[in-house]
Amino acid sequence: MVALTKAINSNREDPDRKRANARKRFPVWRWVILLIAGVYFLLPLWAALRFAGIRAFGTVFVQPGFWPAIWLSTRLAIMTTLITLALMVPTAVYVHLRVPAMRRLLESITILPIVIPPVVLAVGVLQVSPGSLKATPWLLGLVYVVLAMPFAYRAIDAGLRALDLKTLTEASSSLGAGWSTTLWRVLLPNLRTALLSSTVLIVALVLGEFTIASLDLYVTFPVWIVQFDQLNANMSVAASIFALVLTWLFLMLIVTFGTRQSRRTGGGAVTLFTVARAETKGN
Amino acid sequence: MATNAADDTAQAASAVTASVTTATSARGGTSVSLRNLSRTFGATRALDGMSLDIAPGELVALLGPSGCGKTTALRIVAGFETADTGELLIDGRDVSGVPASKRDMGMVFQSYSLFPNMNALDNVGFGLRMRKANAVTRRQRAGELLEMVGLAAQAKQFPHQLSGGQQQRVALARALAIEPRVLLLDEPLSALDAKVRLQLREQIRNLQQRLGTTTLFVTHDQEEALSMADRVGVMRGGKLEQVAAPDELYSRPATAFVAEFVGTMNRLPGELVDSGTVAVLGTMVPVQDGAPASGQVDVLVRPEGLTVVQAADGNGIVSNRTFLGATSRLTVLLSGDTEVQVDVPSTTAAAMVPGTAVQVALPPAPVLVASRNE
């Protein structure tokens, strides 16, 4: 929690200064750290690959329950992304424009899902949810919307900070645009980087979430992997490596596509929290 | 009766000529009338019963220090703020309840306001798109306007590829593209460097005169206001102190505040002999209207309103000399620690190096006086 806040804050620093500082530091240390981190992350992957064996990858797709689990996770990812963005974008825009004093409050509210343990959330949701939602993907989707809130809000907030929101909306309305047109034609295109960043975070969250899905008895892809582990450990490890690669590919696609689009209009790279916009240079 | 008809025909004919010569001409001038506008933000009175009439095709600049209410007035006209009391009439119709998007006002903002996701052409065409113009018309008209501001070559460039001055010119083209009834300029030049500011100042003024668009221009830069506007309104504390043509504002300021805000003004200690005469620098000078009844006052004189001659037993010593071209500005320290600035031809000033003893005098023309502590 503290670490996350710190990470967000450090990301707000002036990038030029950060780069200058990095250059001053002893470059050998960078390689040492990179090597240690690389070993730390890649060693388990390599071990998993060895354990699963290459042959397991061929048969993982025909295992019972594989496709339904993938399909459920995909639907949840799409559902969560759409609902979260539809809720958070207008809220964040409204707060930035009309009640900027509430920004701090909203920030603390959106952090709540991280503070509350997933077990509490899972049980709590089952207690209060209407019967009609139970056992449908919608229930889990709505829980994920809550879970995704902190990440989505921060990404959108960073995007909005990078824009001169007041001037853009006023310029748009003086030219004759109503509210929805301004949002659709002016704000959303300029928030593209932030929206893609949110999407990356939400998709990663949904594709990796286990606790709540499992406690509320949904067989999402992560849950299927754990269940299947009891039948065939090799296959299950192969499936999780497959999931990892798939998620990674998907995220890379969003990041690359989003960055290329945003560079064209002078925006920054799609990353997880920072959204930098190129400043106008000189007159 | 016959003469009237002839006049009308003549007017109509000249109107036609005007619209032909300026193919992009705005609809025939719009009048704007601010009636007794007041607006408070919390404890601050941003506008305090401000009234102003702008004639069709006129460019009026609102000039004043920051916090004087000039921006609030502009934003009320734009529709971004609402007045607590008072009326805003456009062509005689109260538009207080009309939202900004329906007012047909072109606005150029202080900060860069181009839409970063659109290139210059699409930015200029945005307002036309909102008016449901088709793509061909839009592109053609946006192209014309970009050409008008001299940026036809930059049509496909995105805002981040344009310099600040170019961005403001695109913003101007975008505001003019909708053929606004009123053009609103909110310190559009203040973010630019001096040279670009000067060029753009002329360009805006030329375009405005060519199109005949009624324009309200807010600035804190007196030089900008005086050089561009038909009339300048000097504001202070939410009120208009004086609205007048630039030369009148300079030569016949209505109040001490206006006198000192516009141009350079010397304050010389003096004493009122009676309500019409003041004793200053050892001479008696007539006083303009609106003087205090009696007592210690400050006499306000422009640097070019004083004379200075070399005199060994004079009343002051030159402490500084600045060469300005044809004239030089001398700073003279008078007895009693009063410092005045005097403009003299540079040829005369050549001999007056710092340290020279001089005699500063005041011609017997009417002067403006202000109470000592104002």
*Please state the Cα pair-distance histogram of chain B with 10 angstrom bins from zero: what percent is in each bin?*
5, 19, 24, 21, 16, 10, 3, 0
*State, to one decimal in nm, how far the label point of B:S111 lies from the label point of A:V115, with both points 7 Å from Cα in the Cβ direction.*
3.1 nm
*the protein assembly as shown, helix-only ellipticity at 222 nm - DSSP H runs n ≥ 4, -39,500 (n - 2.57), divided by all residues, nearest 500*: -15500 deg cm²/dmol
*What is the pair-distance distribution P(r) of the protein assembly as shown, computed from all Cα-Cα distances in 20 Å bins starting at 0, with each bin given as a whole percent?*
14, 34, 29, 16, 6, 1
_Can you compute the modelled spin-label distance between A:I33 and B:A311, with each label point 7 Å from Cα toward Cβ, in nm?_
7.7 nm
*How far apart, in nm, are the 7 Å Cα→Cβ label points at B:A135 and A:F51?*
5.6 nm
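Express the C-alpha Rg of segment B:265-371 as a ratio against the empirical globular expectation 2.2 N^0.38 Å, rounded to two decimals.
Values: Rg = 14.0 Å, N = 107, 2.2 N^0.38 = 13.0 Å.
In units of the globular-protein estimate, segment B:265-371 measures up at 1.08.
What's the longest bit of chain B with no exposed trypsin sites (Lys or Arg not before Pro), using DSSP loop states and at most 10 other Cβ atoms within 10 Å as the test?
Details: sites that count: B:K132, B:K156.
Segment B:157-374 is the longest.
Using DSSP, restrict attention to beta bridges with both residues in segment B:26-251 and report what percent are antiparallel, rounded to the nearest 5. Mind dumping the intermediate values first?
Numbers: 20 of 38 bridges.
Looking only at bridges with both residues in segment B:26-251, the antiparallel portion is about 55 percent.
Taking other Cβ within 10 Å of each residue's Cβ, how do A:L82, B:L240, A:L121, A:L140 sort, fewest first?
Details: A:L82 14, B:L240 22, A:L121 19, A:L140 26.
With the fewest neighbours first, A:L82, B:L240, A:L121, A:L140 line up as A:L82, A:L121, B:L240, A:L140.
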_Volume per residue that the Cα convex hull of segment A:62-264 spans, once the total is divided by residue count, Å³_ = 137 Å³
_Can you tell me the length gained on complete extension of the stretch A:Y40 to A:L97, counting 0.36 nm per residue apart and subtracting the Cα distance?_
16.1 nm
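Rounded to two decimals, what ratio of Rg to Rh does segment B:72-182 give with C-alpha atoms and a Kirkwood Rh?
Details: Rg = 15.1 Å, Rh = 14.8 Å.
Looking at segment B:72-182, the ratio lands at 1.02.
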*Between segment B:54-115 and segment B:172-234, how many Å separate their Cα centres?*
14 Å
*Between segment B:306-374 and segment A:172-220, how many Å separate their Cα centres?*
69 Å
_Exposure proxy ranking, count of Cβ atoms within 10 Å, fewest first, for A:V223, B:V234_ = A:V223, B:V234
*Multiply the residue gap between A:T74 and A:L217 by 0.36 nm, knock off their C-alpha separation, and tell me the result in nm, one decimal place.*
49.8 nm
*Would you kindly derive the ³J(HN,Hα) couplings of segment B:182-197 from the backbone phi angles with the Karplus curve 6.51 cos²θ - 1.76 cosθ + 1.60 (θ = phi - 60°), listing them in order in whole Hz, with x for Gly and Pro?*
9, 9, 10, 10, 9, 6, x, 9, 6, 8, 9, 7, 3, 5, 4, 4
*Quick one: in segment A:116-175, what % of C-alpha pairs are over 17 Å apart?*
58 percent
_Loop-located trypsin sites (Lys or Arg not before Pro) in segment A:28-81, at most 14 other Cβ atoms within 10 Å (DSSP)_ = none
_Students often get this wrong: which residues of segment A:55-80 have the backbone nitrogen under 15 Å from the point 7 angstrom along Cα-to-C-beta of A:L244?_
A:57
_Using each residue's phi in segment A:36-45, evaluate 6.51 cos²θ - 1.76 cosθ + 1.60 at θ = phi - 60° and report the 3J(HN,Hα) Karplus result to the nearest Hz, with x for Gly and Pro._
4, 4, x, 4, 4, 8, 8, 4, x, 5
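Starting with the fewest neighbours, write out A:Y144, A:Y218 ranked by other beta-carbon atoms found within 10 Å of each beta-carbon.
Working: A:Y144 26, A:Y218 21.
By the 10 Å Cβ count, ascending, the order reads A:Y218, A:Y144.
Read-outs throughout are calculated quantities, based only on the coordinates presented, and are distinct from any laboratory measurement. Every value quoted in this text rests on a predicted model; they were computed, and no experiment measured them. With ideal geometry, Cβ positions are generated from the backbone for all residues, glycine too; neighbour counts draw on all protein chains shown.
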